[in-house]
Amino acid sequence: MANKPKLAIYWLSGCGGCDEAIVDLNELLLDVADKTEIVLWPLAMDFKYAAIEAMKAREIAVSIISGSVRNSEHCEMAKMLRNKSQLVVAFGACAGRGGTPGLANLSTRQGIFDWVYRDAPTTVVNPNAAGPQETTNIDGRTLTLPKFLEHLYPLDQVIDVDYYLPGCPPPPDLIANALQAILTGDLPPKGATIGPRKALCDTCNRNKRKPSRIEIKHIVRIHEVEADPDRCFLEQGILCMGPATRAGCGESCISINIPCRGCFGPVPGVLDSGSKYLSGLASLLKVEADEDVKRLIDSIVDPAGYFYRFTQPSSILGRMQADKLMEV
């Protein structure tokens, strides 16, 4: 065990799907466990934070961190693992770009608490608007909770990140390739995203059958129509983020007739996939009067949810706000 590289797998603010994706490696996971010494993986094994804290700087070969930074404990653990690790991999959409939880940045910390503990229709009777407190005294003992931060941060807005593995969650083949590259040292330059360097449209089967020129005269939501499984979604007036999203997911959504929502993040060379997509979409709209423009705009019910579902905190506007609110 002493000669094996140490591996840490940690989950910050996320749904747990990224850890499950690692489990889905099946037999390959046994090979990883044989070639490394797993020193931290709360989902699967009982390790204590104190054991990690006691390690020397850079003693861990690689830390695979999923989830975004939403509270003070996430921040503390991210910084500790950065100090103890030679390499840090931002694993999945939440760690790399903020993910769907990042849409909460469109609200405030207090606004989130008010909705969850007081205003939501599903909230039970709570006349005193009781909510989580950072410290609570009970029977002479003080109980503490991590501080819920004002802003949600992708991992690289809190610590230095060496590599990114995209997806919600990353697919098993991409995980396997990344682990192989890490274990053999056959890695791209620091800061790279480990995945294909092309747009999803380039690998989509529907791309072969779409017309040379798409003209969008109306926009509909996927549940409002019976989408043709052989035609490009955009050709049918259904918003699909494929043109501005990195390939590598295996078209799992498109294969079940659901348009891409952008979980793999922007294509290489693009900082903000949402603004890039809007620019491309505008060039496809077939409008002849101001009324047409307004009708099409109004038909996009949730612009942020469409264009920034997985990337709001890492977008141009999201980063500007993070610079002002940085508290970690």
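Per-residue extension of 0.36 nm, minus the Cα-Cα distance of Phe148 and His223, leaves a gain of 23.5 nm for this segment.
Helices assigned as whole DSSP H runs in the chain whose Cα atoms extend at least 15 Å along their own long axis and whose mean Kyte-Doolittle hydropathy is 0.5 or higher are found at 172-184. Distance between the pseudo-spin-label points of Ala192 and Val270 (7 Å out from Cα toward the beta carbon): 2.1 nm. Residues whose amide H falls under 5 Å from that of Ile214, counting only those 5 or more places apart or on a different chain, are absent, with hydrogens built in the peptide plane. Footprinting exposure proxy ranking of Val116, Val161, Val69, Val124, fewest other C-beta atoms within 10 angstrom first, gives Val124, Val116, Val161, Val69.
Among Ile219, Ile64, a tally of other beta-carbon atoms within 10 Å of each Cβ gives an order, fewest to most, of Ile219, Ile64. DSSP bridge analysis restricted to the chain gives an antiparallel fraction near 30%, rounded to the nearest 5. Each of the peptides 137-150, 174-187 was scored by the mean count of other Cβ atoms within 10 Å over its residues; in descending order, highest first, they stand as 174-187, 137-150.
For the listed peptides 90-99, 53-62, a ranking on the average number of other beta carbons within 10 Å per residue, highest first, reads 90-99, 53-62.
Left without a cysteine partner by the 4.7 Å Cβ rule in the chain: Cys15, Cys18, Cys75, Cys94, Cys201, Cys204, Cys232, Cys240, Cys249, Cys253, Cys260.
Potential lengthening of the chain between Thr122 and Lys286 amounts to 54.9 nm, from the contour at 0.36 nm per residue minus the alpha-carbon distance. When Tyr117, Tyr153 are sorted by how many other C-beta atoms sit within 10 angstrom of their C-beta, beginning with the fewest, the order is Tyr117, Tyr153. Computed per residue of the chain from DSSP H runs no shorter than four, each worth -39500 (n - 2.57), the mean residue ellipticity at 222 nm is -8000 deg cm²/dmol. In this label model, Glu215 and Lys48 are separated by 7.1 nm, measuring between points 7 Å along each Cα→Cβ vector. Distance between the C-alpha centres of the stretch 179-214 and the stretch 7-59: 26 Å, rounded to the whole angstrom. Computed from backbone phi with θ = phi - 60° and the Karplus coefficients 6.51, -1.76 and 1.60, the 3J(HN,Hα) list for the stretch 91-108 is 9, x, 5, 5, 5, x, 10, x, x, 4, x, x, 5, 5, 5, 6, 10, 10 Hz; x is used for glycine and proline. Amide H contacts under 5 Å for Ile238: Val220, restricted to partners 5 or more places along the chain or on a different chain, H placed in the peptide plane at 1.01 Å from N.
Here each label is just a point 7 Å from Cα along the line to Cβ, and for Gln133 and Asp173 those points are 5.4 nm apart. Quick one, which of [x] 34, 22, 20; [y] 56, 21, 15; [z] 37, 28, 16 is the actual semi-axes √(5λ) of the Cα gyration tensor in Å calculated for this model? Given [x] 34, 22, 20; [y] 56, 21, 15; [z] 37, 28, 16, the calculated one carries the label [z]. For Asn71, the residues whose modelled amide H falls within less than 5 Å of its own, excluding neighbours fewer than 5 places apart on the same chain, are Leu149. Checked against a 23 Å cut-off, the cross-linked pairs Lys210/Lys276; Lys48/Lys79; Lys35/Lys79; Lys6/Lys147; Lys48/Lys190 give Cα-Cα distances beyond that limit for Lys35/Lys79; Lys6/Lys147; Lys48/Lys190.
Read the figures in this text as sums done on the coordinates, not as results from a lab. Computed from a prediction, not measured in an experiment: that's the story for all the values here. Using ideal geometry, Cβ is built from the backbone for each residue, glycine included, and neighbour counts are taken over all protein chains shown.
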